[in-house]
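Only one structure is covered here, and it is reproduced in the block below.
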Amino acid sequence: MSRFVPRRPRAGKAKRTFHIVASQFNAAYVQGLVDHAREELRVLAPGSAISIHRVPGSFEIPVVVREIALQNRTDAIIACGVILQGETDHAQNLSRSVTDALQRIALEHGVPVINAVLSFENESQARERCLKNKINRGTEAARAAVKIAGVMSKLRAK
């Protein structure tokens, strides 16, 4: 996994709408992603609406993301989940399935979907990337959401 953290973009003045869809499975790590994403969105897009939707696990994230995309009232959706590798291939299959579904939803509905459904080999990796500040993937997801919302807004204004 990359240790590169993208620089913080400038705060924007546009009031946007962001949705975070978060798994309840591996709750502490996912909450770390959500907290960091929400904090970064508040800094980068002050005054924007941020809604959080909880689902049982990562597998359920795409159906809620799709429902939000169908409503056509969001600037970007951040999907947050943590999948820990076990002794079988289940984690790999789940990760691929969720990633493919999220990409398909984004393309079919023209809504930016930031994939922060993360797969880790162990809890040490999850702690470093979900709970700490140095390489927090929730922060990165928020930065990506703000950037792509701006790009889409410019494209649609033309």
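Quick check on this structure: which one of 96, 66 is open to solvent by 50 Å² or more (accessible area, probe 1.4 Å), closer than 15 Å to residue 112 by Cβ and either without any contact (Cβ under 8 Å) to a residue 12 or more places away in the chain or among the charged types (D, E, K, R) (or both)?
Of 96, 66, the one residue that is open to solvent by 50 Å² or more (accessible area, probe 1.4 Å), closer than 15 Å to residue 112 by Cβ and either without any contact (Cβ under 8 Å) to a residue 12 or more places away in the chain or among the charged types (D, E, K, R) (or both) is 66.
Among the residues making up the range 99-125, those that are exposed (fewer than 13 other Cβ atoms within 10 Å of the Cβ) and not hydrophobic (A, V, I, L, M, F, W, C) are 100, 108, 110, 121, 122, 124.
The set of residues in the range 21-63 that are open to solvent by less than 10 Å² (accessible area, probe 1.4 Å) and of a type in the set (Val, Ile, Thr) comprises 21, 30, 34, 55, 61. Applying the set (1) more than 23 Å from residue 16 (Cβ to Cβ); (2) open to solvent by 20 Å² or more (accessible area, probe 1.4 Å); (3) in contact (Cβ under 8 Å) with a residue 24 or more places away in the chain; (4) not small (Gly, Ala, Ser) to residue 140 leaves exactly one unmet item: (1).
Those residues that are over 21 Å from residue 30 (Cα atoms) and assigned to a helix (DSSP H, G or I), I need them from the range 94-110; list them, please. Within the range 94-110, 104, 105, 106, 107, 108, 109 meet the criteria. On the stretch given as the range 35-58, residues that are touching a residue at least 12 places away in the same chain (Cβ under 8 Å), outside any loop (DSSP other than H, G, I, E, B) and over 14 Å from the mean Cα position of the chain (by Cα) total 3.
Scanning the range 117-138 for residues that are under 20 Å from residue 74 (Cβ atoms) and part of a helix (DSSP H, G or I) turns up just one, 138. So which residues in the range 106-141 are of a type in the set (Lys, Arg) and touching a Leu at 6+ places or on another chain (Cβ under 7 Å), if there are any at all? Residues satisfying the conditions are 129, 137.
For the range 69-93, which positions are open to solvent by 60 Å² or more (accessible area, probe 1.4 Å) and in a helix (DSSP H, G or I)?
70, 71, 90, 92, 93, listed by residue number.
Can you say whether residue 114 is without any contact (Cβ under 8 Å) to a residue 40 or more places away in the chain and part of a strand (DSSP E or B), as far as the supplied structure shows? Yes: the conditions hold for residue 114. So, in the range 56-93, how many residues would count as being among the hydroxyl-bearing types (Ser, Thr, Tyr) and closer than 20 Å to residue 31 by Cα? Summing the residues that are among the hydroxyl-bearing types (Ser, Thr, Tyr) and closer than 20 Å to residue 31 by Cα in the range 56-93 gives 1.
The values are calculated or read from the model by the stated rules, or taken from the named source; none is laboratory data. Model, not experiment: these values are computed from the prediction. For neighbour counting, all protein chains shown are included, and Cβ atoms are generated from backbone atoms with ideal geometry for every residue, glycine included. Heavy atoms of the whole protein, side chains included, go into the accessibility calculation; ligands, DNA and RNA do not. Shrake-Rupley method; radii C 1.70, N 1.55, O 1.52, S 1.80 Å.
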